[in-house]
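Below is one structure; the comments refer to it alone.
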Ligand code: XIL
């Protein structure tokens, strides 16, 4: 196949990208998106501060634009994200425990309800663990006020809100075997053992020279898959250029294809010029939408 999406589909996978609603009026952005990708993740538009900046009022307009664009093109949509400490409006952080629990569950019900049947996988909880060697949970309004049980509660609420959506836990710095990924692994193993609904684990896979693709990336994906969950590469970008960057991208694709339950890859943006890593060139298309060596490496590996 001659496009990322079609090549991935031949392997039973999707190949997606983060999309920003404010670029959907730019012709080469849209044509690259439509030609190459068969899944999208709203980059910011489904986050709490985007859909509910103040208590009591929802704004789904920007996220809806992305979802309708995807649906009209037959692309899948990943939902990102429901419960996260970041991009969280201040009104949520200042609630007491009882109100925060209600707000969390309402948020899940209302956002998942709005998109019911349209989302193939939801990042229900994002980035709940600390970096470093402690394996501890990260401090957040949810963790600090509701305790460890907030993650389980969020997944149970999410299952009821849209039973057809796959429910993912998503994080970064969990791409190789390390203390943080061990902590996530232990949580997922516990959820599976106790019947807490979880279907997938997302590996953000933001790589750079200080944090390259780990040598045990495939082994790490495999050990999670062996727990009985799908694994998805959810926010892939790799800083660098040329052959080195291309080789790293190829290795990520090969690792996913080698793991039966690795069901798809999403890169965190269409073009270098809109990457959240403003100083870098971490994506598959340059600022003029030319295919980079990394693009060719991905297509060849698929
Ligand atoms: C980033 C977006 O790309 C930026 O536009 C925004 O300013 C900050 O968030 N982990 C995640 C994503 O789960 O939601 C983040 O996206 C990147 C890190």
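Coordinate-derived values only; no laboratory data. Remember, predicted model here, so these are calculated numbers, not experimental data. A quick note on method: Cβ atoms are made from the backbone with ideal geometry, for glycine too, and the neighbour counts reach across all protein chains shown.
Using only alpha-carbon positions in the stretch 88-207, the gyration tensor eigenvalues give semi-axes of 22, 19, 13 Å once each is multiplied by 5 and square-rooted (largest first). What number, in nm² with one decimal, is the all-direction average of the projected area of the convex hull of the alpha-carbon atoms of the stretch 241-302? Mean projected area for the stretch 241-302: 4.1 nm², to one decimal. Its Cα gyration tensor gives the stretch 210-274 an equivalent ellipsoid; the semi-axes, largest first and in whole Å, are 22, 13, 9. Under a GNM of the chain (C-alpha, springs under 10 Å), which listed residue has the highest mean-square fluctuation: 170, 186, 251? Comparing 170, 186, 251 in the GNM, the peak value goes to 186.
Among DSSP bridges having both ends in the chain, what percentage is antiparallel? Round to the nearest 5. It would help to have the intermediate numbers written out before the result.
Working: 3 of 37 bridges.
About 10 percent, rounded to the nearest 5.
Given the options 227, 236, 257, which has the most mean-square fluctuation in a GNM of the chain, springs set between C-alpha atoms less than 10 angstrom apart? Looking only at 227, 236, 257, the largest GNM fluctuation is found for 227. When 185, 14 are arranged by Cβ crowding within 10 Å, least crowded first, meaning fewest neighbours, the order is 185, 14. Normalised by 2.2 N^0.38 Å, where N counts its residues, the alpha-carbon radius of gyration of the stretch 1-152 equals 1.16.
Along its first, second and third principal axes, ordered by size, the chain spans 52, 40, 34 Å in Cα coordinates. Each semi-axis of the equivalent ellipsoid for the stretch 29-85 is √(5λ) with λ an eigenvalue of the Cα gyration tensor; in descending order they amount to 24, 11, 9 Å. For the stretch 89-137, the gyration tensor built on C-alpha atoms gives an oblate shape. Its axis ratio a/c (a ≥ b ≥ c) is at least 1.5, and a/b is not larger than b/c. Hey, what angle do you get for helix 61-72 against the long axis of the chain, alpha-carbon based, 0 to 90 degrees rounded to 10? Approximately 50 degrees, to the nearest 10.
Extents of the stretch 164-203, taken as max minus min of Cα coordinates on every principal axis and listed largest first, are 30, 20, 9 Å.
Spatially, the stretch 141-173 and the stretch 186-237 are offset by 16 Å when compared through their Cα centroids.
Quickly estimate the mean residue ellipticity at 222 nm for the chain, helices only: each DSSP H run with n ≥ 4 gives -39500 (n - 2.57), and the total goes over all residues, rounded to 500. Walk me through the intermediate numbers first.
On the way: 12 runs with 124 residues, N = 302.
Computed ellipticity for the chain at 222 nm equals -12000 deg cm²/dmol.
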